[in-house]
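Undergrad: This is the structure I want to talk about, given as structure tokens.
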Amino acid sequence: EQVSVPVRSALEEAIPILAECYVRTGKHQARAAVRMTLVGDPAVGTLIDPTELVDPDHRPLDPALDRCLRDTFATLELPPLDEGDRLPIEYSFRFDD
């Protein structure tokens, strides 16, 4: 709710891409939360700086899964922020059906 509809939609569209990390690492933690800062850059859109990836109990994720998710976040292309140039948020997602 803190981010614009285009940015939120792009994050939701990224879930299947992020889910590939579970396939590649063989890890089955179905839920994760990321504390991140969205950094707006007019030249490239919005960059994601993930500060913390945790499970529902706020424990760190498996290191291989954490690394894969961080690497994937770095490749995502998000539209520019409407809300300014920096926006700290917590985004929760689940990968099970």
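The values are calculated or read from the model by the stated rules, or taken from the named source; none is laboratory data. Please read these numbers as outputs of a predicted model, since none were measured by experiment. So basically every Cβ, Gly included, is an ideal-geometry build from the backbone, and we count neighbours across all protein chains shown. The accessibility values were calculated without ligands, DNA or RNA, using every heavy atom of the protein model including side chains. Shrake-Rupley method; radii C 1.70, N 1.55, O 1.52, S 1.80 Å.
Undergrad: State, in angstrom, two size descriptors of the range 46-97 derived from its alpha carbons: Rg to one decimal place and Dmax to the nearest whole number.
TA: Values for the range 46-97 (Cα only, Rg and Dmax): 12.5, 34 Å.
Undergrad: At 37 °C and 0.692 mPa s, grab the translational diffusion coefficient of the chain from Stokes-Einstein with a Kirkwood Rh over Cα pairs, rounded to a whole number in µm² per second. Don't skip to the end; give the middle numbers.
TA: Values: Rh = 13.6 Å.
The estimated diffusion coefficient comes to 241 µm²/s.
Undergrad: Order 33-40, 70-77, 45-52 from most to least packed using the mean count of other Cβ atoms within 10 Å. Don't jump to the answer; show the numbers that get you there.
TA: Working: 33-40: 18.1, 70-77: 13.9, 45-52: 16.5.
Taking the mean over residues of other Cβ atoms within 10 Å, the ranking is 33-40, 45-52, 70-77.
Undergrad: Further question on the same structure: Order 92, 4, 9 by their accessible area, 1.4 angstrom probe, all chains in place, largest first.
TA: Numbers: 92 80, 4 15, 9 45 Å².
The ordering from most to least exposed comes out as 92, 9, 4.
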